[in-house]
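Have a look at the structure below before the remarks.
What follows draws every value from the coordinates through simple rules; no lab data is involved. Since this is a predicted model, take the numbers as computed values, not measurements. Counting neighbours? That spans all protein chains shown, and the Cβs are built from the backbone with ideal geometry, glycine included.
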There are 2 protein chains.
Amino acid sequence: MALSHAILVCLTERPMSGYDLAKFFDTSIAFFWKATHPQIYRELKKLGGQGYVTSAEEVQSGKPNRFVYSITDAGKQALKDWSREPVALPLIKDDLLVRLQAIEYVDKDALREQIRARLAAHREQLGQYHHIRDVRFSDGKPAPEDLGKLMGLELGIQYEQGWIAWCEGVLQRLEGT
Amino acid sequence: MALSHAILVCLTERPMSGYDLAKFFDTSIAFFWKATHPQIYRELKKLGGQGYVTSAEEVQSGKPNRFVYSITDAGKQALKDWSREPVALPLIKDDLLVRLQAIEYVDKDALREQIRARLAAHREQLGQYHHIRDVRFSDGKPAPEDLGKLMGLELGIQYEQGWIAWCEGVLQRLEGT
DNA sequence: TTACACATGTAATTGGTTACATGATTGC
DNA sequence: GCAATCATGTAACCAATTACATGTGTAA
């Protein structure tokens, strides 16, 4: 399983609570990995049991207390061990493309609407990536420890641009059919 | 859930056995959806119970008998109903990109090797898509019922080309780091 | 004789989603 | 008063993967 490792990777950036992690998965690294909060809380407990993270209760006045998790040296070692294992090709499961395969059997108006919605979502996502790039990586050469993040971001940008171009082309060809 | 609908979509092409479907998922539509054979057999049973597919035992000499499934009219109606529901953005879970996020904490030699392997996989996949395109869609305008398949294929080609370009760039930038 | 393709399934485990549950503060 | 955000968790259910299980025919 790799959710545990994705969490460890997040914690190399900075210590976080379960809540922080859930938001981080929702925004920053949503392009690479997704996870819901029950999953994250469950996994944090397991990681604690393995000694890969430690938690510290942070007392807050007015708000409920937070349990902030940090990666341990053993956790960093676990990351390095994991990084030597081969990676699988990502699984893709895309309803929209499945529907396109059976174009005779689907509601074409609904399909067009779904493609327009998808196009809007990719444009929105591209905008966010551009924003992150401008804010975090505007100044020439990135630091070596940020190089991987920049390259991931570039893949995301290219991916969204590809989808946008494809959606536009498909909408044109579906017009009046 | 959408595996059931992916199976129905496959069966609009032609009747198939569970074994055929497993291969079909592995080759033809692997870009859109993936499924293993226990999943498929389980799902076929459920679809039969709902009346969306019918099965016929095909006696073969020498080989074990096959159960060939066909989509019913009710199944076609279920596909149409499903096609009106909104689609979700596909989930992405890519170990390689997660590792790239924590580039300081991973084994760089292993990472380079993994990217080379990924590059090779994308080149291989691109070759297969080109082959399918040349065999199935070489002659000018596709039939209307094939248009969706062609557009899906074009997305796949673009997707693989994007990955290939990205992998090549990343390998160059990681050289000697 | 070894391996591979055909062909179908079950069992056990792990992973993921949805719904439920609680409770304070802030802003409209 | 209502909704949203912060904050953490459990329970139940559903989906997916991996391993187990069996047996035949064909070709190297």
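Would you tell me the mean number of C-beta atoms belonging to other protein chains that fall within 10 Å of each C-beta in B:139-147, as a whole number? List each step's numbers first, then the result.
Working: counts 0, 0, 0, 0, 0, 3, 4, 3, 7.
Mean partner shielding for this stretch: 2.
Can you list residues whose amide H is under 5 Å from A:VAL53's amide H, if they're 5+ apart or on another chain and H is modeled 1.01 Å from N?
A:GLY48, A:THR72
Nearest the rotation axis from A to B, which residue of chain A has its beta carbon, and at what whole-angstrom distance?
Closest Cβ to the A-to-B rotation axis, residue and whole-Å distance: A:GLY162, 3.
Residue by residue through region A:38-50, which ³J(HN,Hα) values in whole Hz follow from phi under the Karplus form 6.51 cos²θ - 1.76 cosθ + 1.60 (θ = phi - 60°), with glycine and proline marked x?
x, 4, 5, 5, 4, 5, 4, 4, 5, 4, x, x, 7
If you take each beta carbon of peptide B:31-37 and count the beta carbons of other chains within 10 angstrom, what is the mean? The partial results should precede the final answer.
On the way: counts 3, 10, 8, 4, 1, 0, 0.
Average per residue, whole number: 4.
Evaluate peptide B:149-156: per residue, the Cβ atoms of other protein chains within 10 Å of its Cβ; return the mean as an integer.
On the way: counts 5, 3, 10, 10, 1, 3, 11, 2.
Mean partner-chain Cβ count within 10 Å for B:149-156: 6.
Sort shortest first the distances from B:GLU58 to its counterpart in every other copy, using label points 7 Å along the Cα-to-beta-carbon line, and give them in nm.
Label-point distances to the other copies, shortest first: 6.2 nm.
Per DSSP helix of 4 or more residues, -39500 (n - 2.57); summed, then divided by the residues of chain B. What does that give at 222 nm, rounded to the nearest 500?
Numbers: 7 runs with 108 residues, N = 177.
Roughly -20000 deg cm²/dmol at 222 nm, from the helical runs in chain B.
Which of the three applies to region A:3-83, rounded, prolate or oblate, going by the alpha-carbon gyration tensor with a ≥ b ≥ c and a/c under 1.5 meaning rounded?
Values: a/c = 1.91, a/b = 1.24, b/c = 1.55.
The shape class here is oblate.
If R₀ is 56 angstrom, what is the calculated FRET efficiency for the pair A:SER28 and B:ASP134, using the beta carbon separation as r and rounding to 0.05?
0.85
Between A:LEU89 and A:GLU58, what FRET efficiency follows from the Cβ-Cβ distance if R0 is 30 Å, with the result rounded to 0.05? Walk me through the intermediate numbers first.
On the way: r = 40 Å, r/R0 = 1.33.
With R0 = 30 Å, the Cβ-Cβ based efficiency is 0.15.
Three principal axis extents, largest first, for the C-alpha atoms of chain A, in Å?
61, 44, 40
Would you please give the residues with an amide H less than 5 Å from that of A:MET16, counting only those at least 5 places away or on a separate chain, with H modeled from the backbone geometry?
Those qualifying (amide H under 5 Å, at least 5 residues apart or on another chain) are A:TYR69.
When the convex hull of the Cα atoms of the protein assembly as shown is projected onto a plane and the area is averaged over all directions, what value comes out in nm²?
Details: hull surface 90.7 nm².
The number I arrive at for the protein assembly as shown is 22.7 nm².
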